[in-house]
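What follows is a single structure, written as structure tokens, with notes after it.
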Amino acid sequence: MNSISTTNAINPQIILLMHAFKSRITTNIAKLLNSRYNLRDAPYVAKEHHLSSKRSVICDIDGVILHNNQLIPGADGFVHRLIEQETPLLFVTNYPGQTPKDLQNRFQSAGVHVPENCFYTSAMATAAFLTRQEGRKVYVVGEGALTHELYMAGFSITDVDPDFVVVGETRNYNWNMIQQAAQFVDRGARFIATNPDTHGPHMYPACGALCAPIERMTGKQPFYVGKPSAWIIRAALNKMQAHSEDTMIIGDNLRTDILAGFQAGLETVLVLSGVSKMSDIDKVPYRPNHIFESVADIDLI
């Protein structure tokens, strides 16, 4: 009997440890529930403008800073404030048809002064993606900015047995481009596209629309590099030397900017000055962490 009672006896120190462990589990569960509740209600508490500890910012351009090359009221003050306080800032756009210098000039024309190295395009991200793949020959359907980025990354632009077919955006799209691109993809060239957008302002055909006939003809879908793919966000973070947990993304489109941010693990900020409106929020199964009328109202950073 003595040996049994000795075996079953519980050391008081063990009891204290068990209570501490139970308390910690209870606290963590409460934090988790609060976090999930806040995330669910984020669109509605966002207007309270809670402060954030994020140190880096990825920002969309069209619908956030500019609208048809016109400055969105107050956007210049927001951008200049971030630059003055030395917040790491990168403008990330799905549009592959302009170089960082082109975008800098576009901003300057609207009265916003930003260094050239603060711009990152889907053409740049596409070149970064391809450098991690085998093969160095590319057939390009796109404008000079895309071709330039691929060339600078060490690729040969060719219409002879390419390793990749890369589709961007161009107003010169024609029957020969479709036929050649489809033939190369059908023969085994890897099908890459800068972004999935189907159209721009005034229903201008965009990359996704240009890919459509090639997809239908070959039965193969491209890998889309641009938003909402997490790849372009990861590539942008690498360029900034930033981490996802310390970065927020600001955009006007729930299905590209905000979804890309979620998929890359960023805090997300939706502005209602562009594509998505409050009525669109219930149409998607995820919620932005914050919502503002425009970037002029953001006081998170």
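Tell me whether the range 218-232 contains one or more residues that are of a type outside the set (Asp, Glu), more than 30 Å from TRP175 (Cα to Cα) and more than 11 Å from the chain's Cα centre (by Cα). Checking the range 218-232: not a single residue is of a type outside the set (Asp, Glu), more than 30 Å from TRP175 (Cα to Cα) and more than 11 Å from the chain's Cα centre (by Cα). Being among the polar types (S, T, N, Q) and at positive phi is a condition met by at least one residue of the range 233-251. Working only within the range 210-233, note down all residues that are among the hydrophobic types (A, V, I, L, M, F, W, C) and surrounded by fewer than 24 Cβ atoms within 10 Å (Cβ to Cβ). Passing the criteria: LEU210, ALA212, MET217, PHE223, ALA230, TRP231. Considering the conditions (1) outside any helix (DSSP H, G or I); (2) open to solvent by less than 30 Å² (accessible area, probe 1.4 Å), LEU237 is excluded by exactly one of them, (1).
The set of residues from the range 281-300 being open to solvent by 30 Å² or more (accessible area, probe 1.4 Å) and either of a type in the set (D, E, K, R) or touching a helix residue (DSSP H, G or I) at 6+ places or on another chain (Cβ under 8 Å) (or both) comprises ASP282, LYS283, TYR286, ARG287, ASN289, GLU293, ALA296, ASP297, ASP299. Annotation note: Cβ proximity below 6 Å between a residue of the range 81-102 that is assigned to a helix (DSSP H, G or I) and a residue that is surrounded by 15 or more Cβ atoms within 10 Å (Cβ to Cβ) and modelled with pLDDT of 95 or more (sequence gap 6+ or interchain) occurs for LEU82/LEU89; PRO100/PHE119.
Number of residues in the range 34-80 that are modelled with pLDDT of 55 or more, surrounded by 13 or more Cβ atoms within 10 Å (Cβ to Cβ), in a loop (DSSP other than H, G, I, E, B) and not charged (D, E, K, R) equals 6.
Are any of the residues in the range 151-162 open to solvent by less than 20 Å² (accessible area, probe 1.4 Å), in contact with a strand residue (DSSP E or B) (Cβ under 6 Å, 6 or more places away or on another chain), of a type outside the set (Asp, Glu) and farther than 19 Å from ASP62 by Cα?
At the first step, the residues of the range 151-162 found to be open to solvent by less than 20 Å² (accessible area, probe 1.4 Å) are 155, 162.
The next check asks that each one be in contact with a strand residue (DSSP E or B) (Cβ under 6 Å, 6 or more places away or on another chain); those that pass are 155, 162.
Within this subset, residues satisfying the condition of being of a type outside the set (Asp, Glu) are 155, 162.
Then drop every residue that is not farther than 19 Å from ASP62 by Cα, which leaves 155, 162.
Among the residues of the range 151-162, at least one is open to solvent by less than 20 Å² (accessible area, probe 1.4 Å), in contact with a strand residue (DSSP E or B) (Cβ under 6 Å, 6 or more places away or on another chain), of a type outside the set (Asp, Glu) and farther than 19 Å from ASP62 by Cα, which makes the answer yes.
Hey, among the residues in the range 180-209 that are assigned to a helix (DSSP H, G or I) and among the small types (Gly, Ala, Ser), which one's most open to solvent (accessible area, probe 1.4 Å)? Steps first, please.
To start, the set of residues in the range 180-209 that are assigned to a helix (DSSP H, G or I) comprises 180-186, 201-203, 207-209.
Pick out the ones that are also among the small types (Gly, Ala, Ser) and you get 181-182, 208-209.
Working: ALA181: 0, ALA182: 7, GLY208: 10, ALA209: 38 Å².
So, considering only residues that are assigned to a helix (DSSP H, G or I) and among the small types (Gly, Ala, Ser), the one most open to solvent (accessible area, probe 1.4 Å) is ALA209.
Of all residues in the range 244-255, none satisfies being part of a loop (DSSP other than H, G, I, E, B), open to solvent by 20 Å² or more (accessible area, probe 1.4 Å), in contact (Cβ under 8 Å) with a residue 40 or more places away in the chain and farther than 30 Å from ALA182 by Cβ. Among the residues of the range 124-144, the ones that are within 29 Å of GLY77 (Cα to Cα) and touching a strand residue (DSSP E or B) at 6+ places or on another chain (Cβ under 9 Å) come to 1 in all. Restricted to the range 136-179, and to residues there that are hydroxyl-bearing (Ser, Thr, Tyr), part of a loop (DSSP other than H, G, I, E, B) and under 20 Å from ALA209 (Cβ atoms), the residue that is farthest from the chain's Cα centre (by Cα) is TYR173. Are any of the residues in the range 119-137 surrounded by 15 or more Cβ atoms within 10 Å (Cβ to Cβ), farther than 27 Å from LEU259 by Cα and of a type outside the set (Phe, Trp, Tyr)? Taking every residue of the range 119-137 in turn, at least one turns out to be surrounded by 15 or more Cβ atoms within 10 Å (Cβ to Cβ), farther than 27 Å from LEU259 by Cα and of a type outside the set (Phe, Trp, Tyr).
The values are calculated or read from the model by the stated rules, or taken from the named source; none is laboratory data. Since this is a predicted model, take the numbers as computed values, not measurements. Because the Cβ atoms are built from the backbone with ideal geometry, glycine has one as well, and the counts that use them run over all protein chains shown. We work out accessible area using only protein heavy atoms, side chains counted, and drop any ligands, DNA or RNA first. Shrake-Rupley method; radii C 1.70, N 1.55, O 1.52, S 1.80 Å.
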